[in-house]
Structures are given as C-alpha cells and as structure tokens.
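The values are calculated or read from the model by the stated rules, or taken from the named source; none is laboratory data. No experiment lies behind these values; they were computed from the predicted model shown. For neighbour counting, all protein chains shown are included, and Cβ atoms are generated from backbone atoms with ideal geometry for every residue, glycine included.
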Protein chains: 6
Amino acid sequence: MYLAEEAWPDLETYFENESLALVPLGSTEQHGPHLPLATDHLIAEGFATAAADRTGFLRTPTIDIGVSPHHRQFSGTMWVDAPVFRDYVESFTRNLAYHGIDRVIYVNAHGGNVEHLREVGRRLHDDEDVYAIEWMWNDSIPDLVDELFEHNGPHGGPKETALIQHLQSELVHDDRLADARDGGFPEFEASDPTHHGARTFYDAIDNTDNGVFGDQTDATAEKGERMFEEATAQLVQLCNWLDDQPFADLLPKDHV
Amino acid sequence: MYLAEEAWPDLETYFENESLALVPLGSTEQHGPHLPLATDHLIAEGFATAAADRTGFLRTPTIDIGVSPHHRQFSGTMWVDAPVFRDYVESFTRNLAYHGIDRVIYVNAHGGNVEHLREVGRRLHDDEDVYAIEWMWNDSIPDLVDELFEHNGPHGGPKETALIQHLQSELVHDDRLADARDGGFPEFEASDPTHHGARTFYDAIDNTDNGVFGDQTDATAEKGERMFEEATAQLVQLCNWLDDQPFADLLPKDHV
Amino acid sequence: MYLAEEAWPDLETYFENESLALVPLGSTEQHGPHLPLATDHLIAEGFATAAADRTGFLRTPTIDIGVSPHHRQFSGTMWVDAPVFRDYVESFTRNLAYHGIDRVIYVNAHGGNVEHLREVGRRLHDDEDVYAIEWMWNDSIPDLVDELFEHNGPHGGPKETALIQHLQSELVHDDRLADARDGGFPEFEASDPTHHGARTFYDAIDNTDNGVFGDQTDATAEKGERMFEEATAQLVQLCNWLDDQPFADLLPKDHV
Amino acid sequence: MYLAEEAWPDLETYFENESLALVPLGSTEQHGPHLPLATDHLIAEGFATAAADRTGFLRTPTIDIGVSPHHRQFSGTMWVDAPVFRDYVESFTRNLAYHGIDRVIYVNAHGGNVEHLREVGRRLHDDEDVYAIEWMWNDSIPDLVDELFEHNGPHGGPKETALIQHLQSELVHDDRLADARDGGFPEFEASDPTHHGARTFYDAIDNTDNGVFGDQTDATAEKGERMFEEATAQLVQLCNWLDDQPFADLLPKDHV
Amino acid sequence: MYLAEEAWPDLETYFENESLALVPLGSTEQHGPHLPLATDHLIAEGFATAAADRTGFLRTPTIDIGVSPHHRQFSGTMWVDAPVFRDYVESFTRNLAYHGIDRVIYVNAHGGNVEHLREVGRRLHDDEDVYAIEWMWNDSIPDLVDELFEHNGPHGGPKETALIQHLQSELVHDDRLADARDGGFPEFEASDPTHHGARTFYDAIDNTDNGVFGDQTDATAEKGERMFEEATAQLVQLCNWLDDQPFADLLPKDHV
Amino acid sequence: MYLAEEAWPDLETYFENESLALVPLGSTEQHGPHLPLATDHLIAEGFATAAADRTGFLRTPTIDIGVSPHHRQFSGTMWVDAPVFRDYVESFTRNLAYHGIDRVIYVNAHGGNVEHLREVGRRLHDDEDVYAIEWMWNDSIPDLVDELFEHNGPHGGPKETALIQHLQSELVHDDRLADARDGGFPEFEASDPTHHGARTFYDAIDNTDNGVFGDQTDATAEKGERMFEEATAQLVQLCNWLDDQPFADLLPKDHV
C-alpha cells in the first residue's frame, strides 16, 4: 500500500494491525552521460513499491534528494548537507512512530546515504523509539551482481544502468553506453585510488572525468529485471523477518 | 525541463544560459475522507511541471513532506519539524546556487509551508546568495476561487478537490464528497474560531472531526481544469517577470 | 500584578493559586518619522499592564526586541534573528512553568513576531508543558479599527499612531503626521504589492520610502483610548476564558 | 539619547557620527524579601541612562531577563538558558553593527551574566565585527563599596539595597531589612562555601534560606546615591576612553 | 585505577561498587618560553593519577585540549571553541553515567575551562543525571601558593613552573626562567589591567609579550612537590567527602 | 616533533617552514578480556609518534575518546556522540590553521571514527580551509595483515593484540587469549551477520558475548612489530606525498 495515495480513513486499519513501514530514499545526482539524475531515487522507489505490493506493507513517498556533495561538479547534482539530511530523516521517522510504526526499512539506493541512515537508525535505536535499518539492493545480491557484469563500479556502472533499463528504459541513453565507459573509469574496482592506505580524494571528479565507474556496455534490461526480481525477493524476506520480531528483541541489549 | 530525468551533460546548456529554477513543495497529510494524503504534493508538482513545460525553465524533484504537525491526529499524516524543514530547504537551495541558479520559485501547495519558505527566502536574500520566493496557486487566482465555489475552506475543501479531480481523478473518492462535507466544518470561512482575537487552536482536529473544511460537493474536474489553467498562466508570468529582473534589483536595498 | 516589582515572598500566594501569566512582547523598530521605535513594545506593555491590573493576573517584564529584519534599512531598528527569538521565548516560557504557570498569553504588538510565537506555542503545546497563545490587540477589535480610520496600514499607520497618542503622547511627533502619510504608502491596504500571487518583497523599504503605510492624519488620542479600552476588554475576557479551562482541555487531542 | 524613544530620522545623525552604543542588561530574579525581582535590570538601566545623558551616547532598551537558574527555587525568578542568552545577545549586537556601531558597552548589573557577555564579546572580537565589553558597576568602585558597608554579599546585600533605595525607593521594603539579614547569610564573604577547593553548590538556596547574602541594615539611599554617582563617573570615562580608540587598536593582535 | 589500562572485565567490580570518577582536563597552550604547551594537561593528569592511586577511585583519560583562544597568538596553542568544548564534556560525562557513575570530579588545571565545566555541571545537575564539580588545584591551597612565591601570576608563573619541575622536570627550560620573567608581566597580580571596571582585553598578548605573568625565578621542584602533596591531599579529601554524600543530597533543592 | 612538549618559541620555525600536522585519534572502549580499553588510542599515538620522529613533522596530542556507542554494554567504554565528535575535531583542526597548517593527517586507529573524520575532512575541504585526510594503519598494509593471522576480526582480534604486545606488552593479558577467542566470535570475517542485505545489528554485543572478533592466539609481539614497521613506513610515505602537493592541487576541482 502506498501511503500517499490513500485517504486517511483507509489507513486506519493498517496502523491498528501493522507497525512496519518502508521508506524509499535515493539521490538526485549525476549518473554519467547515459543515465538520468533520478537514477537512485527511481531504483529506491521501484524496490519499495514492489515489496509493498507483494507484502501488503506500507510504503511512504520517496526522499529524492540525498547526501551527494561528491558529485556536485557535474551539472544538476542536488544535495543537502549531511547534518541536515540526518535531522530530516530522523524527524519524519520519529513522527511515523506517532501512528504506531515501530520498525522502518530505509529502502536506499544511494551509497552516500548509507552511513547517515545508520547514524539516524542508531539515534532511534538507542532512544528505544523506532527500530530502523538501512537496506541497499546490491548488498542483498552481491554474487549475482558480480556474475552478471565484467566491470562493475560504485556509481553509474552496469548494475545501475541495467536496473533503469528495466524500470524506466526511456530515460537511458543506450547510444551513449560506450562513451560512458570510455570517458569514465571502467576498471575502478580493480584499481586502488588510495595513497598508502588513505583515501585522498573527496569528489567523484577526482577519479572520473564523466562521473561514472565501470563498463556499462554489458548492461541489459533483462539483467536488470533479474536483479530486480532477486533483490525484491530479498527485501520481501527482510520485511517478513522484521515483522516477525518481537519489539523487545529489537531493543538495545542490556549492559553486561 | 525536469532536472531529474536528464543526464548531466544535457543540463550544461541550461545552467550556462539560465539562472532560474522551480522547486515544487507540498505535504503528505490527511485531506479528509475523499482525497489522498498526496494532495498537496501532487498539486505542487502539477503546477511546476506545467510551468516548466510552457516556459522551458527547469523544475526540480518535488519535496513531498512538509510542515504538517497540525494534521497528525489523522492516520498517515507525515511531517518534519519546522526548524528541520527550513534547514533542509535552505541547504538544497544554496546548493542549487553552485550550478549558477540565483533565483528560485518555491511552487508551494501547502499553507503550512508558507511562513517557513519565506523565512528561508529571507536568509538567502539577506545573505545575497539566492533570491527565492514562495508562490501558492490559490493566491494567484483569488477571485476565481471565490467565484467557483459556495463554501471554500483552507484545507480539503472544494478547490483542492477540484484540482485533484482534474490532475489525478482516480485518487478522488467522489462517493464520499457529501460525507466529507457533513463530517467536517463546511462553513469554516464564515466562522470565527478565535477567542477575543487569539487563535486558541493548534490542530485541525480542534475544529473539524474528519479533517476538512468547506463544502466539497460543488467541486468538478472542469472547475479544477479552469483553475489549473489560470493559475498556471499566472505562474508562467511570474517566471518571466522574475527572469527579466537584473539580479542587482533583487538584492536587499541599501540602508537609508 | 507586575512580577518584576514584587519581592519573591509576595509572589508565593500567586503561584500557589494561579497558573496564568501575561507576557508582553513588541519590537524596537522604525515606525516612520512620527512615532518612536518603541511603539510596539509600549503598546504591548500597555495592554498587558491594563489587563493585569483589571484581572489580578501576573504580567512579566516586556520583551522589547523582536523579529524585525524587514525594517533594518531605517536607522535604529534592532532585531534578533528568528531562530534565536524563538529559542529565547521558549526558554523563558518553559522556565515560568517551573513556578507552576501552565498557561501563557503572549500580549504581542508586532506582526513580525506572530508566526514565531505560534511556533513556540506549538512546541510547548505538543510537549504538553505549557499552553501558550498569541494575542494581538488589533485582531481582537477588527471592526472598530476599520471604522475609525480611512486608510489603515500594517505598520506605522493611524491605529498605532492613535494608541501611542493615548499611551505616551509626548513621544508622537504630531507635526509630522502629514509628512508621514505623504512620504509613505498611504493606500497600501487597497493595493497589491504581490506579483502573480507571489510576495516578491522582503523589506518594508521595498514598498515605502519612509517606513510607514496608511494615512496617519485622522489619528487622535481619543480614538486611541477607545481602541485601548475595547481591546483591553477583549484581553480581559481572554484571560478569564483561559483561566476557566481545565488544563486537560488545553492539551492536544488524541489520535483519531 | 535613548534609541527607543526616537523616531528613525532623528537617529540618522547619530549613526553618521558615532559608533558606540550602551546596552543595559540585568535579570529578573529574587533579591530577597526586601528587594524587587527587577533589582538588577533597574540598576543596569539606571547607569546606562545616566551615562547616555551625560555623554550623549546612545543607549538601547534594557534586556530584563538574564541567566539566573541558580535563583529558580525562589518564586518568580525568570531566566533563559545560557546558550540561548548568548545567542540572543550576539544576534542583536551583530545587528546593531548594521547601523555602523562597532563598539558596545554591556552595562551589566547581574553577576550571572558576566561570563556569557564576555563569551559573546569574544565571538564578536575574534570575528572582528564589533568590540563589545562588559562593565559592572561595582567592579568600577570596589574600594568605595568596601568602605560603605560592614557585610557586603554577592546578592541582595546592602550595596544593591542602597542603589534601589536611591533609584526607586518605593520598591524597597525597608521594614524587612533586618529580616533579610537574619534569614539569609549575612557573613557570606568571610565564609568559605567550598569543599577542599571545589565549589560544590549550584544554587543560591544551597547557601541561603531567603535568597540573600550580606547585612542590609546599613544600606541608605544616600550611600546608594554616592555609589551611583561615582560609578556613573567611571562609566562616563569608559565611554570616552572607548570612543577615543581607533578601531584598529580594538582588533585582535596579530600572531606573534 | 586508570580506566584506559584495564580490560573491561576488570572494571566490572568497580562499577558495581562505586559511583565516582575523576576526569582530568587541561589545555595545550603556550606557557611562555620556559614551559611546554602540555603544562596544564600534565598537571591535571598528575593530580588525578595521584588521587586515584591513593583512594582507589577511577580516573579516565585526560582531555588535553581546552578552551584557549586567548593564547592563540603564540605558536602551537590549540583550542576548541567554547560551545563545542561544553558539548564534548557533557557528552562523555552523560555516557559515563551509563555505567553507573553519578558523581564526577573534573580535575582541571586550566583557568579557561572553569566556567565551561561549571556550565556543563549545571546542565547535568539540573537534569538530575550526574553531579559533576570542577576542582582546580591552586584553589585548594591558596595560602600555600601565596606563601611560596613572591610574584604569582595567572598563567605560566612560578606555581605552574614549580609543578612541572616536580612532575616532569626535563620539559622545563630552567635556563629561560629569568627571560620568561623579564619578557612577560611579572607583577600582573598587583596591577589592574582593567579600564574603569571593565575588562578591556581579550587575549593574553594584550598584557604580556611572551605569554606569561609572574616571576618564575623562585620556582623549584621542591616547592612543586610540596604544593603537589598538599593539593593532592585536598583532592583525596574531596573524593572521600563526595563519595560519602547520599545522591539525594546532591540533587537540586526543591522550590521554596 | 611533539607539539605539547615544546615551548612556544621552539615551534615558531616549524610553522614558518611547514604546513603539515599529524593528529592521532583513537577510542577508549572495550577490547575484550585481554586488551586494555586504551588499545586504539595507544596504537594511534604509536604510529603518529613514530612517523613524526622519522619525518620531522609535527604531531599533536592524541584524542583518546571517540565514537564508540556500539561498545557501551561493556564496562568502561567511553564515548562522545557522533555530532559532538565531528564538531570537536572540526574546531581544533580549523584552529590549527590559524598557525599556518593547511594539511592534516588524522592518524586514526578506531574504525568507528572513520566516517566522521571523513565528514569533517569534507567540510574543511569544501570550505577550502584545510585538507585533512584519515589514515588507518591496517588499510595501508592489508596483505600483510591477512598473511599474518588465521582469523582476523574487526575488533579486538589478533592484529590489534599483536600491536599492543609490541607497543605496550604489559597491558596485554596473554593468559586470556584463548578465552578471548572462545568467548567471542572467532570466525566473524567469514560469517555474514546481515539479514537479506541489511545490517540488522547496532552493537558489538549483538554478535559477540565478550566484545571481540577473531582468533587472538596467533598474535605475537614480533608480528606486531612487523606490522608496526611496515605501516609506519606507509605513513611516512603518505606524509612526504602530502607535503609535496601544491596546496592548489588539494583544493576541490572546479565545476565541469
């Protein structure tokens, strides 16, 4: 069920009987010459919608803008500063608790949000208000992702390309895939951009001229669909697992 | 042009030549038994999209969640606290300036956001970073709104109903319009809910049992379309007016 | 009773028996060539003092400086930034609660404070600590204000002029009333300073050269006295109404 | 000149020619059974007014509420939390700079404000915006204060009593002076309320039952007048000294 | 016992049986040409270690960096801004309470930390979480300090010199003592660096060219040892006194 | 050179000629039954000291307390909340810049600090004030670490054990190594403590009963020394590399 499309009386039963919500979060940031800036929030929304449909759990609207200052040199990248992002997510999550939600899955599709969502999750967890966890699709199917593509990459690579080809193919510039690869940093994952153990770069542009990593040319909508289905299945299982936990088991353990 | 659907190289020309952006903002909050919680953000997105299409100016993704604690007693209402909302809007607006945007129209459809958007606008204005102003559709066509409906109301009334009937009719429960009226506070605008000049209520529920004000039964998609077209025309003119101003004229005036 | 003139043992009985306090708030900002910068805080203090005298309720010292950045271009205007003002009012109001006060009337005479006082009131209300409401004299007698003057105005106009003529006539430059009118924006209330529904100005100086709106020339001390008496009567009634409410009735209503 | 009583055009000359302002700050807190809660802010206002009158420098409205949580157990004490107080003073001081003020004397009469005013002064000084210093009357005439009274005390003692007897005698309960002494801690200054070098108390009530220290019985309006005149003379000299400094000499010195 | 050198299981008994901790705090700031920047944190650590050894109470690691902007003009001085310092100390003190600590002695050796530690102590005290007090060695033995040296001084003078000669003599440049005196402000304590009662300086360099006050030439390790032993004895007594108090007696007293 | 042991005049040459500083940061948190809570800060200090000695660059005092709430259930763990830690590190780093430092290496030995140091580094980098990067010893010698031990672990495992055996062997309880292994989670790195891609735990105790991961029994001081030497060599190279960069090359790249 999608919270925003319902009238309030039609949500009463849900809040009486359930206590779990799915919150999709992404970013609006450059994803190379071939993918839309919406990439991450479309993916997050896609997974949250599918899991909500298949489980009956509630999903909220998508948070489209995330923590993306490291992509700012590329036109159109939007972002909010990290402390503000954390406070924003904390605020609406706490407020969901007013309706009886005590467990939340942040269906996240932007790597730059991960640490911030976990920090917010810790605040809520330590205060024993809400148990909120971050889920990112590719972490749920690492073997499949590795198997499908020659050269993955942390950003704008074939795995994201394939997902958008599956979810919203009209937004992919298929004719720019080779350019995306050639103008970017195709073998990033095999490389080591650190110096003597220190990460010395702060921005994507420090390592890639066009904003992307990996080789996009073996991405297909079919691969995207396969990843989407398998990761959705994982998310569905996570929903059910989380729903099954007694709330007491989700609270911080006592001092030894 | 919709920022999020573009790949970054396709935005370069815009930022080189233009300095205006439209940012839609709404809320996710109860709108009575007949309208979806999405009402305000759908309306904001509708106007921003239309104005962007007709003018060629850029619109960003929509901020779906606003300042709505006063509707929290009704199931599903989401909100962020006011200081967090202001900081969030300030952060992404300042960051838009990194790409060269120096004037922003907040295309707003939630009354509860108005004062906060103006406060953010003031911060940006006084710092001489960005000139950002708030626009709310019904303020641009007050006479038409008055003319079309018998009993308007500040929330969930016929004007919002008609707009959603026009924009996304499948989300309106047309069979609940009379109930919406009868269970709410139909003649709110003629009433005075204050005591001796003081506004003594804090929440919608203090004045209405089902969350709405006004008489929804004379709302129609045709009236919605008429309002939509006339207000969009106003927004288009505002875009053009704002685009025409020299930036120096938008800065704070000097000390007398 | 005026809190600041009492020795602490003389306040013990009050706090044992009563739980209401009046807090006057104004501004120190330009009010045109004819009125002192103190105008708003003198008015607020005048009403709070009169209501305290007539009801026996306690009034605190007056907060003289408010949220007035929009008048800064005129010499001498003082202000604090909005977030700081809110925190300041919140802090001393919460601390009044330590003595047993659970209901507060902000006797306000500066329009620029209204939204901030309501935001503070909401924080206190939602936390169920103190029920605090904002009262502004002219909102309690709108018909009389309209009846008395030809051209009102939101700032420095005849209604404020008449009140200061009544309260502290030596601070009014009666010989400058025509100049005030002619150098300002006499027919502001009939005009529309917005563009296509958007408020495009941020500062008073954007609309008025000398800082005032309205036609001051029909202001008299007699009209001031009449407004003062009628609005004080309203405030007295508000005090009594508020005092009569059981605290439980002032708390937020439950979730539907 | 008192800023708040002027109309803005009458301040223009001042800001064109001068850059110094006097800001009185006190507290609203218990001062024993014999003195009003207003004691500190009346004293601050008295000195600032006299110095402004004698020098022609500008004084602003008085900040009546300060940092007084240590007196909260006594009825009526008002306070704001320390971080909020600092931000409030910082905000209006920075804003005074907008009119050209670059040096400020905080005419302070509450010991609990001292460290906070110095911290604000440091912020402004280190930013090279405004040179603001704290002045407290009794620090300017320590020998006279010692000479006049047998048993002084940091709070509510004979020196404050004498000043209010001089400034506003109707607010002093002369018939309670002996009680004030006997119910308080008359010989505080000779005692040592610390333990092994540590200040172990947090509140006035930890050391005094009625809120005061010292022996009030030798206070007289004549002594008050003498202190007032001598300390005012010191403040006048401080104004003139500060006015004489080139602004560059008031800035932080360079790194060695 | 020193917390950091223990493995966690070896601390369990302590937290079961005791509720007091010693926290040493100093600064890293210039102390003239003859003393190391570590001076204050070495002294704090020395006292906390000795008192922990002699009483069996727990001491934590030392906070080496304090509030020292007033020494910044001299090379190497490190500092954190005052609001950040307060929040840092508050955060770790609250967290100590998680293990059962409800009383803390801040063993402080930097005058610039005093007011901030007391402000943090007040927050914790008023919230009734932890009773934390500040102790500074020289305040516990004022007579001895006065007796031992001709010309003390608030910073870098003979008393600090003697302590470091005792605690870590290899860090004292004994050959620079006369230079330290001659290049500094030897008779500071007898002088009055204020103007008409106002402290007009913000930085050490405003009063001393080499950063120190006092005459260091009569400092000796023997005097240092004597002060160290006597002040440690005071601290030991303070520990025992504090340990003996029922927690209820350490809480804020009730409203009168 | 160690900043804190120098007198200020002896640092002048350094700041005139150099612009790099090493800042060691660790934690004070449980490291199992065999290692001291100081483990991380001892390691950080060890590396920073060695690199400073071998290169001549300056090191500051060590920050002993970090972001460790996830270890709080084990006795003695100290921590500061993440936002406070970030502000603290930011504040002293900005202040180091006052002396001319424009590049900083955070010599970090606590995994829980990494993301926060990078966030602070970004703030400083984006503001173009200081280029600060985080270095963690084990990231500089991943192959060696893998080669030396059978079962590593992220916390309290053989690699940290070996380092403390090398650096401060008297603090290691060698007789508890087998217990540490058996009571903890020896094969953590091969396991997957997530659910369907989501990290569902917040605290160490969720996965380990005694606080450690890995098999400590093959740790030796010799292996510790070897790692120490090799990682120090990496850090020395990093210092030299960083020192060689023109500051302009360390600034954010321009917008594409």
Checklist entry - Pick from the range B:125-153 the residues that are away from every other protein chain (no Cβ under 11 Å) and charged (D, E, K, R): which of them is surrounded by the most Cβ atoms within 10 Å (Cβ to Cβ)? => result B:Asp129
Item to check | Answer from E:Phe74, E:Phe85 - the residue that is facing chain F (nearest Cβ under 10 Å) and in a helix (DSSP H, G or I) | outcome: E:Phe85
Item to check | Only listed residue being charged (D, E, K, R), out of contact with any helix residue (DSSP H, G or I) (no Cβ under 7 Å at 6 or more places or on another chain) and surrounded by fewer than 24 Cβ atoms within 10 Å (Cβ to Cβ), chosen from F:Arg103, F:Arg118 | outcome: F:Arg118
Next on the checklist: Looking only at residues that are touching a Leu at 6+ places or on another chain (Cβ under 9 Å) and of a type in the set (S, T, N, Q) in the range E:12-37, which one is nearest to E:Arg94 (Cα to Cα)?
Outcome noted: E:Ser27
Item to check | Search result, residues across the range C:90-118 that are over 14 Å from the mean Cα position of the chain (by Cα), closer than 24 Å to B:Arg86 by Cβ and not polar (S, T, N, Q) | outcome: C:Glu90, C:Phe92, C:Arg94
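Of B:Ala231, B:Ala204, which residue is modelled with pLDDT of 95 or more, touching a Gly at 6+ places or on another chain (Cβ under 7 Å) and of a type in the set (A, V, I, L, M)? Let's see the steps before the verdict.
Details: B:Ala231 fails: touching a Gly at 6+ places or on another chain (Cβ under 7 Å).
After applying the criteria, what remains is B:Ala204.
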Checklist entry - Which residues, counting only those in the range E:224-242, are of a type in the set (Gly, Ala, Ser) and either in contact with a Ser or Thr (Cβ under 8 Å, 6 or more places away or on another chain) or under 20 Å from E:Thr39 (Cβ atoms) (or both)? => result E:Gly224, E:Ala231
Checklist entry - In the range E:132-155, is there at least one residue being without any contact (Cβ under 8 Å) to a residue 40 or more places away in the chain and aromatic (Phe, Trp, Tyr)? => result no
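Picking from B:Gly197, B:Gly156, B:Gly211, which residue would you name as being surrounded by 13 or more Cβ atoms within 10 Å (Cβ to Cβ) and either more than 9 Å from every other protein chain (Cβ to nearest Cβ) or polar (S, T, N, Q) (or both)?
Values: B:Gly197 fails: either more than 9 Å from every other protein chain (Cβ to nearest Cβ) or polar (S, T, N, Q) (or both); B:Gly211 fails: either more than 9 Å from every other protein chain (Cβ to nearest Cβ) or polar (S, T, N, Q) (or both).
None of the other options fit; the residue is B:Gly156.
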Checklist entry - Any residue in the range A:173-190 that is within 30 Å of F:Glu230 (Cα to Cα) and within 12 Å of chain F (Cβ to nearest Cβ)? => result no
Checklist entry - Looking at the range F:5-31, which of the residues that are crowded, with 24+ Cβ neighbours inside 10 Å and among the small types (Gly, Ala, Ser) is nearest to the other protein chains (Cβ to nearest Cβ)? => result F:Ala7
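Kindly evaluate A:His116 against the criterion of being free of Cβ contacts under 8 Å to residues at least 60 places away in the same chain and either under 19 Å from A:Asp64 (Cα atoms) or out of contact with any Leu (no Cβ under 9 Å at 6 or more places or on another chain) (or both). Talk me through it step by step, then tell me what you get.
Details: free of Cβ contacts under 8 Å to residues at least 60 places away in the same chain: yes; either under 19 Å from A:Asp64 (Cα atoms) or out of contact with any Leu (no Cβ under 9 Å at 6 or more places or on another chain) (or both): yes.
Here the answer is yes, as A:His116 does meet what is asked.
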Checklist entry - With respect to the numbered conditions (1) within 14 Å of chain F (Cβ to nearest Cβ); (2) touching a Lys or Arg at 6+ places or on another chain (Cβ under 8 Å), which one is the sole condition not fulfilled by A:Gln216? => result (1)
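On the given criteria, is B:Asn108 of a type outside the set (Phe, Trp, Tyr) and buried (at least 24 other Cβ atoms within 10 Å of the Cβ)? Steps first, answer last, please.
Details: of a type outside the set (Phe, Trp, Tyr): yes; buried (at least 24 other Cβ atoms within 10 Å of the Cβ): yes.
In short, yes.
Please state which one of F:Leu11, F:Leu3 is touching a strand residue (DSSP E or B) at 6+ places or on another chain (Cβ under 6 Å), within 22 Å of E:Thr62 (Cβ to Cβ) and of a type outside the set (Gly, Ala, Ser).
Working: F:Leu11 fails: touching a strand residue (DSSP E or B) at 6+ places or on another chain (Cβ under 6 Å).
Just one listed residue meets the conditions, F:Leu3.
Just for the range A:88-108: of the residues that are assigned to a helix (DSSP H, G or I) and of a type in the set (A, V, I, L, M), which one is farthest from A:Leu242 (Cα to Cα)? Break it down stepwise before answering.
Of the residues in the range A:88-108, the ones assigned to a helix (DSSP H, G or I) are A:88-98.
When the remaining residues are screened for being of a type in the set (A, V, I, L, M), the result is A:89, A:96-97.
On the way: A:Val89: 20, A:Leu96: 17, A:Ala97: 16 Å.
This residue is A:Val89.
Here are some residues: A:Val84, A:Val80. Which one is closer than 30 Å to B:Phe15 by Cα, free of Cβ contacts under 8 Å to residues at least 24 places away in the same chain and crowded, with 24+ Cβ neighbours inside 10 Å?
On the way: A:Val84 fails: crowded, with 24+ Cβ neighbours inside 10 Å.
Just a single option satisfies the conditions, and that option is A:Val80.
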Checklist entry - Of all residues in the range A:88-117 being within 13 Å of chain B (Cβ to nearest Cβ) and of a type in the set (A, V, I, L, M, F, W, C), which is nearest to B:Gly26 (Cα to Cα)? => result A:Phe92
Item to check | Search result, residues across the range B:218-256 that are buried (at least 18 other Cβ atoms within 10 Å of the Cβ) and among the basic types (Lys, Arg) | outcome: B:Lys223
Item to check | Search result, residues across the range F:180-223 that are of a type in the set (Gly, Ala, Ser) and out of contact with any Ser or Thr (no Cβ under 7 Å at 6 or more places or on another chain) | outcome: F:Ala180, F:Gly183, F:Ala190, F:Ser191, F:Ala198, F:Ala204, F:Gly211, F:Gly214
Checklist entry - Got a number for residues in the range C:32-68 being more than 10 Å from chain D (Cβ to nearest Cβ) and at positive phi? => result 1
Next on the checklist: Looking only at helices (runs of 4 or more DSSP H) that lie completely in the range E:170-256, which have at least 3 residues being farther than 23 Å from E:Phe47 by Cβ?
Outcome noted: E:177-183, E:247-250
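Could you pull out the residue among D:His34, D:His71 that is touching a Gly at 6+ places or on another chain (Cβ under 7 Å) and crowded, with 22+ Cβ neighbours inside 10 Å? Let's see the steps before the verdict.
Working: D:His34 fails: touching a Gly at 6+ places or on another chain (Cβ under 7 Å).
Criteria check complete, one pass: D:His71.
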